[in-house]
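Down below is the structure, laid out as structure tokens.
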Amino acid sequence: MKVQEENMEDGQRDEEETMPEQEEEVMKAASAERWQLIGGHTPSSSSSFTSFPFRGGEEDEVSVVIVTAEDESCPSEPFGTAHLVQTNRDAGMKDGGDTKEDEEEVTSPSAHLQQQMKRKLDHGPDGRTFPSGKKHCKGNGPLGPSSLVQATPTTFGDLRLANGHSAQRRRVTSGPPPTGLQDWLHTFQMWSGPERLLALDELIDRCETSQVKHMMQVIEPQFQRDFISLLPKELALYVLTFLAPRDLMQAAQTCRYWRILAEDNLLWREKCREEGISECEWSHRRSCGAAVGPWKAAYIRQHRIETNWRQGDSGEPMVLKGHDDHVITCLQFSGNLIVSGSDDNTLKVWSAVTGKCLRTLTGHTGGVWCSQMSVATVISGSTDRTLRVWDAESGECVHTLYGHTSTVRCMHLHGNRVVSGSRDTTLRVWDVSTGRCEHVLTGHVAAVRCVQFDGRRVVSGGYDFMVKVWDPDTEVCLHTLQGHTNRVYSLQFDGVFVVSGSLDTSIRVWDAETGNCVHTLTGHQSLTSGMELRDNVLVSGNADSTVRVWDVRTGQCLHTLQGPNKHQSAVTCLQFCRGLVLSSSDDGTVKLWDLRTGAWLRDVVALQSRGSGGVVWRIRASDTRLVCAAGSRNGTEETKLLVLDFDVDDRKTETD
């Protein structure tokens with residue numbers, strides 16, 4: 001009888017191996033849907049099945065089986081009794097059998113389950129064998145209930161078949177098998193489970209390292225399961241949202257399907273949102289490859305720029321020579337235009353892309369000491385007591401603003417209005433479009449050295465040791481902030497806090513609404529020449545050659561940027577950029593610091609004459625470029641602008 005059953009199974013196996021090409025194609029499609037591995041999974045509780053349509057993006061409708069625990073059952077009965085009867089009926093109807101006879105043959109669910117558990121994984125639910133490396137797919141769809149009823153793997157060979165591997169495992173070609181191998185294997189199979197484990201422990205202890213490595217190479221892959229491919233696309237993408245971008249890029253190299261998921265444009269839009277990237281890069285996709293989505297291209301580009309900033313891959317700086325040997329007193333940078341002002345009475349407009357001097361703005365009769373820029377509109381202030389409004393595209397002087405009676409020393413532009421401060425102790429509010437002076441603010445008793453304007457309030461600091469808060473529309477001084485004991489040289493104002501830096505070495509934080517001094521920041525040893533305030537973080541540069549980072553809410557000094565790589569002379573200018581701090585100095589260098597840790601990263605610029613007269617006077621930075629105004633006071637370094645581009649790949653693409 002046993003021989004007859006084996007012959008029947010062999011006949012069924014031969015029949016299966018000669019399946020028509022159409023059924024082979026159906027099986028391949030099922031494999032592409034990634035459902036074949038689900039058939040190898042056995043739920044661990046009693047279940048009933050509910051099928052519902054699931055739509056995923058642009059994919060076709062898929063029948064998904066929901067497993068719900070209705071009845072509590074033994075782990076040896078993983079699908080519950082009700083399902084077994086239904087599954088048997090389905091299988092009988094598919095194979096042309098009589099369901100009533102099937103129900104009579106199954107005397108009990110436990111007996112039927114025991115019969116199912118004895119099947120090998122190379123048999124389908126109808127008793128026929130699978131072809132090598134394929135899984136049978138029956139039922140109403142790629143995930144019919146009958147396809148889930150498969151025996152639990154009982155041996156390692158069964159597990160290999162369940163994972164789609166050939167029954168022939170990799171053999172070691174070291175000669176003929178040893179004598180008595182089959183007897184040894186037969187003895188092993190006769191032992192109980194605990195006896196086998198004990199024998200394996202003893203066997204592993206007697207193996208050499210190379211032999212243990214061979215076992216691991218054979219065993220480990222069989223217990224690896226691609227759970228991502230088993231999930232619906234939406235769930236798989238949700239899982240991938242928890243990965244860091246670097247891990248996503250590595251996951252894309254796993255297989256073709258993982259790459260499709262890891263390239264999802266909406267997934268990368270979320271990653272860009274987490275990094276504060278608000279615009280996708282349709283125009284930059286060429287540099288990242290044609291197959292890369294716009295949001296991933298944006299992330300890759302920003303990551304490359306960040307790396308270039310930190311590690312120094314910007315190529316050789318572009319050198320823009322002009323203003324002869326005069327000092328560059330002010331520097332502005334907007335888009336692809338750079339505007340430099342000098343004590344030679346002129347301003348020059350440069351292309352940040354080509355480095356060419358596009359035009360020279362002439363008209364002032366005294367040195368230019370301050371400037372502001374918005375898009376292509378430039379406003380300049382001079383020792384000739386005037387302000388001029390220029391069109392940087394055409395080089396035309398649109399307006400000449402008369403009113404001050406001494407040098408225009410500072411200004412701040414907001415929207416269509418600019419506020420200027422002068423050595424004549426007054427501030428004036430101008431309409432840039434008409435050139436008309438709207439308001440005059442009087443109250444300082446010495447030169448006004450610095451000014452800030454947010455569109456609603458004007459804050460000014462002067463050589464009279466005072467800081468004043470103004471309502472420009474009513475020309476009323478709302479607060480006079482007293483406390484400094486020397487000249488005020490620098491200001492920052494964010495609408496909530498006023499921060500003033502003085503020659504008395506202190507920095508004071510004031511409440512803009514009440515005028516109260518909130519904190520006095522001490523630590524610097526000399527004049528605070530420049531400050532930057534952003535998101536309650538203040539960075540101050542001082543003539544004592546140090547840079548400090550403060551929390552203006554608590555008054556705490558977070559970092560002092562110094563150490564063996566600190567500046568060797570006075571800090572001349574500061575810039576915030578991408579979580580980095582840029583500082584220039586009289587020592588002829590521009591240094592890059594990590595804002596979060598306070599660590600020195602590198603010297604971005606180091607003049608040849610550094611330490612012997614070379615000076616970096618001003619710096620301006622965007623996300624992708626740094627512009628430095630450099631020269632010397634003793635003729636050791638010619639006056640020039642240095643432009644560093646950190647968007648290197650895109651620059652090469654545009655040039656090509």
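The values are calculated or read from the model by the stated rules, or taken from the named source; none is laboratory data. This is a predicted model, so every value here is computed, not measured. Neighbour counts run over all protein chains shown; Cβ positions are idealised from the backbone, glycine included. The protein model used for the area step is the full one, side chains on, heavy atoms only, and it has no ligands, DNA or RNA in it. Shrake-Rupley method; radii C 1.70, N 1.55, O 1.52, S 1.80 Å.
Counting only protein heavy atoms and a 1.4 Å probe, the range 529-656 has 38 square angstrom of accessible area per residue. Using a probe of 1.4 angstrom and keeping all protein chains present, the accessible surface of the range 325-454 works out to 37 square angstrom per residue. Ranked by the mean number of other Cβ atoms within 10 Å of their residues, highest first, the peptides 211-224, 470-483, 402-415, 590-603 fall in the order 402-415, 590-603, 470-483, 211-224. Computed from the C-beta positions of ARG633 and THR405 and an R0 of 25 Å, the FRET efficiency is 0.25 to the nearest 0.05. Between TYR238 and CYS557, the contour length at 0.36 nm per residue exceeds the Cα-Cα span by 110.8 nm.
Grab the beta carbon distance between MET216 and GLN568, set R0 = 60 Å, and tell me the FRET efficiency rounded to 0.05. About 0.55, to the nearest 0.05.
Peptide packing: for 272-278, 534-540, 608-614, 566-572, the average count of neighbouring Cβ atoms within 10 Å per residue gives the ranking 566-572, 534-540, 608-614, 272-278, highest mean first. The phi torsions of the range 215-230, fed into the Karplus equation with coefficients 6.51, -1.76 and 1.60 and a -60° offset, translate into couplings of 4, 5, 5, 7, 7, 4, x, 6, 9, 9, 10, 7, 5, 4, 5, 7 Hz, rounded to whole numbers, with Gly and Pro shown as x.
Given a Förster distance of 35 angstrom, what is the FRET efficiency for HIS414 paired with ALA606, based on the Cβ-Cβ distance and rounded to 0.05?
Values: r = 36 Å, r/R0 = 1.02.
Between HIS414 and ALA606 the formula returns 0.45.
Run the accessible area of the range 361-441 with a 1.4 Å probe and give the carbon-and-sulfur part as a rounded percent.
45
Share of carbon and sulfur in the accessible area of the range 466-529 stands at 43%, probe radius 1.4 Å.
Note on ARG246 and PHE156: the model spin-label points, each 7 Å out from Cα along the C-beta direction, lie 3.7 nm apart.
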